[in-house]
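Visitor: Just dropping this structure here.
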Amino acid sequence: ILEGKNIKWISSNQVNVDFTIPADATIACDWAISLMHNDDGKCSTLYNTFSVDAKIDINPFSRLNLIWLRAPGILPVVMYSEPGFDATSIFPLAVSFADTLPIYWYSRDVNRDRKNDLVLFFYNGAANLPVGTHSVSVLGASWDGRRVNGYNTVRVFKLFF
């Protein structure tokens, strides 16, 4: 019913997101239908009841997971594919890190396990995190409607300028 239809929603951080459901995505159609029939009549949730814990790495090309708030540049975050989970099945615009959406993404085998991983890039200065050492989450959804959660520990510093 919904194949090829354009779907719109407002994410939790008030960013408008548009996408078109692929013609061969019957599971995605069930997911979209469940979005439209929430108890409160709003599309307030992105996910169905299925959940996947994903292995992530923040700033994967460095041994230290440092985030410099207000610093210029971008912060890479990798969501790794694992047995039973294909990270490239994640809808990139449904991923959120520190109340920001990715500005760019691509798939690549980062950890050399012969499975493509999802590499996402976020504006460094837009991250909404307190200073200190924290466990941070990356939340998202796959095309088939599964919730994807990933956690990692970072050290957050703030530039004063």
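The values are calculated or read from the model by the stated rules, or taken from the named source; none is laboratory data. Nothing here was measured: the structure is a model prediction, and the numbers come from that model. Side chains are part of the model used for accessible areas, which takes the heavy atoms of the whole protein and leaves out ligands, DNA and RNA. Shrake-Rupley method; radii C 1.70, N 1.55, O 1.52, S 1.80 Å.
Visitor: With every protein chain kept in place and ligands, DNA and RNA left out, what is the accessible area per residue of the stretch 55-100? Probe 1.4 Å, answer in Å². Write down the numbers at each step before the final one.
Guide: Working: 2010 Å² over 46 residues.
Averaged over the residues of the stretch 55-100, the accessible area is 44 Å².
Visitor: Quick one: what are the phi-derived ³J(HN,Hα) couplings along the stretch 151-157, Karplus 6.51/-1.76/1.60 with θ = phi - 60°, whole Hz, x for glycine and proline?
Guide: So the J values, rounded to whole Hz, are 10, 7, 9, 10, 10, 10, 10.
Visitor: In sequence order, what are the phi-derived ³J(HN,Hα) couplings for the stretch 105-120 according to the Karplus relation 6.51 cos²θ - 1.76 cosθ + 1.60 with θ = phi - 60°, rounded to whole Hz, with x for glycine and proline?
Guide: 7, 7, 10, 6, 7, 6, 9, 6, 9, 6, 10, 5, 9, 9, 9, 10
Visitor: Additional query: From the backbone phi of the stretch 133-146, what are the Karplus-calculated ³J(HN,Hα) couplings (6.51 cos²θ - 1.76 cosθ + 1.60, θ = phi - 60°) in whole Hz, Gly and Pro given as x?
Guide: 9, 9, 8, 10, 10, 10, 10, x, 9, 8, 4, 8, x, 6
Visitor: Subtract the Cα-Cα distance of Arg112 and Arg70 from 0.36 nm times their separation in residues, and report this length gain in nm to one decimal. It would help to have the intermediate numbers written out before the result.
Guide: Values: separation 42, 0.36 × 42 = 15.12 nm, distance 3.23 nm.
The Arg112-Arg70 span can extend by a further 11.9 nm.
Visitor: Alpha carbon centre of the stretch 65-108 versus the stretch 136-152: separation in Å?
Guide: The two parts, judged by their Cα centres, are 10 Å apart.
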